[in-house]
Amino acid sequence: MKQYPFLDLALANGPYMDELKAAACEVIERGRYLHSTQTEQFEEEIAALCEARHCVSVSNGLDALRLILRAYKEMGIMRDGDEVIVPANTYVASVLAISDNGLVPVLCDPREDTMNLDSSLLESLITPRTRAIMPVHLYGTPCWDTALMQAARDHGLRIIEDNAQAIGAKSNIAGLNGTFITGGLGDAAGISFYPTKNLGALGDGGAVVTNDDALATTVRALANYGSDKRYHNIYPGYNCRLDEIQAAMLRVKLRYLEKENETRAAVARAYHDAIDNPRVKAPVIFEELKQIWHQFVVRVENRDAFRAHLADNGVGTDIHYATPPHRQPCYHQLAHGPLPVTERLAGEVVSLPIAHPITPDDARAIASIINRF
Ligand SMILES: *Cc1c(COP(=O)(O)O)cnc(C)c1O
């Protein structure tokens, strides 16, 4: 029986092994392990990809989001106790970035079809203390619309994209800067290069992308001990740098990102067209968007039996995410309204294999297994 592991990173990186090894050797032999040409060039490439003026490479996606919010605090734009609206069905890191800065996460229930932030709920969540909205492009589906921009404009809010899952995705509606690509839509964006992401390092990595000169300068200083120049510290900062080896790995993989995203889209289309089971709901393909399919997430009520059926037939699955942030022990004191869509999604979502080496033919084979459930 053919096996379809959910994700095997050694296999996923297989096509690039030789190039990765050569690039790593180059950095090792050159002897400059931080603050050098690989990170500089990687930053330029990511800024260009996101059609933004600045990219600051950082240690991981959580730090990227933390640094944006901390920088806004240093810039006097946010203060302790200010509120940031964030979707309730996200990876916990989006919320951690907010609470870690002494800010208050205000959870917004998602839309059923996009599984992303429901912008029609924003007005009911905005208070005099709201300072920002953090849309998350979950699973690689862009979360952007005019209601979001309108709410931000009307109330003077920053829009901080959590672009951890959607590098290379495109909205059909222009962002604040007139561009369509996620990471370049709002005031600032955090990106993650966690190994499982579409552009994954061989370890941790992240980036802050923005058109705001002052924000970029502040983030860069904060990520380097708070120093604006050598041995001169203007903020009590952190060490959140990306290292040269990871930048080199990411530059190799960046060259193939578009091709990888296209393959994922073909696999998603194959799943979508071939899944034909009233008990299993496939995600919506939005023709007007460019979704990059970080995950292909179906919904099924009898999830445990479904996953067991797939496992019995050699198909690995995962759940993103079974426990939403407001159900985590660390947030038991976080106030929030009813979150019925979040709760329902958390009980039904199942992620199917989508990364390399899964092909559209594999997706059709897996779909026929699904259709027998
Ligand atoms: C992965 C992820 C993060 C955190 O990124 P790390 O690099 O793992 O710190 C934040 N938000 C979302 C939505 C993510 O998927």
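The values are calculated or read from the model by the stated rules, or taken from the named source; none is laboratory data. Quantities reported herein were computed from a predicted structural model and do not represent experimental measurements. All Cβ positions, glycine included, derive from the backbone under ideal geometry; neighbour counts span all protein chains shown. In case anyone asks, the SASA skips ligands and DNA or RNA and just uses the protein heavy atoms, side chains included. Shrake-Rupley method; radii C 1.70, N 1.55, O 1.52, S 1.80 Å.
One table, with the values for the structure above:
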quantity: Pairs, first under 15 Å from R70 (Cα atoms) in region 200-218, second open to solvent by 20 Å² or more (accessible area, probe 1.4 Å) and outside any loop (DSSP other than H, G, I, E, B), C-beta under 6 Å, six or more apart; calculated: T210/H54; A216/H54; T218/E74
quantity: Subset of region 180-198 [assigned to a loop (DSSP other than H, G, I, E, B) and either surrounded by 24 or more Cβ atoms within 10 Å (Cβ to Cβ) or within 11 Å of the ligand (Cβ to nearest atom) (or both)]; calculated: T182, G183, G184, L185, G186, F193, Y194, P195, T196, K197, N198
quantity: E43 part of a loop (DSSP other than H, G, I, E, B), away from the ligand (no atom under 16 Å from the Cβ) and in the same structural domain as D187 (by TED's automatic domain parsing); calculated: no
quantity: Positions within region 68-115 being open to solvent by 10 Å² or more (accessible area, probe 1.4 Å) and small (G, A, S), in sequence order; calculated: G76, G81, A93, S99, G102
quantity: All positions within region 254-302 that are acidic (D, E) and either in a helix (DSSP H, G or I) or touching a residue at least 40 places away in the same chain (Cβ under 8 Å) (or both); calculated: E258, E260, E262, D273, D276, E288, E301
quantity: Every residue from region 231-254 that is open to solvent by 60 Å² or more (accessible area, probe 1.4 Å) and either on the phi > 0 side of the Ramachandran plot or of a type in the set (D, E, K, R) (or both); calculated: Y231
quantity: Unmet requirement for A152, which otherwise passes all of (1) assigned to a loop (DSSP other than H, G, I, E, B); (2) away from the ligand (no atom under 14 Å from the Cβ); (3) of a type outside the set (D, E, K, R); calculated: (1)
quantity: Selected residue (only one of V298, V280 is surrounded by 15 or more Cβ atoms within 10 Å (Cβ to Cβ), over 21 Å from E262 (Cα atoms) and β-branched (V, I, T)); calculated: V280
quantity: Members of region 1-41 found to be under 16 Å from N198 (Cα atoms) and not aliphatic (A, V, I, L, M), listed by number; calculated: F6, D8, N13, G14, P15, Y16
quantity: Positions within region 216-251 being assigned to a helix (DSSP H, G or I) and more than 20 Å from the chain's Cα centre (by Cα), in sequence order; calculated: T217, T218, R220, A221, L222, E244, I245, A248
quantity: Out of A169, A164, A207, sole residue that is at pLDDT 95 or above, under 19 Å from T114 (Cα atoms) and open to solvent by less than 10 Å² (accessible area, probe 1.4 Å); calculated: A169
quantity: Complete set of residues in region 90-114 that are over 15 Å from A335 (Cα atoms), touching a Leu at 6+ places or on another chain (Cβ under 6 Å) and part of a loop (DSSP other than H, G, I, E, B); calculated: N101
quantity: Test: residue in region 306-317 that is acidic (D, E) and in a helix (DSSP H, G or I); calculated: yes
quantity: Test: residue in region 348-359 that is free of Cβ contacts under 8 Å to residues at least 12 places away in the same chain and open to solvent by 60 Å² or more (accessible area, probe 1.4 Å); calculated: no
quantity: Test: residue in region 163-179 that is within 14 Å of the ligand (Cβ to nearest atom), outside any loop (DSSP other than H, G, I, E, B) and in the same structural domain as L49 (by TED's automatic domain parsing); calculated: no
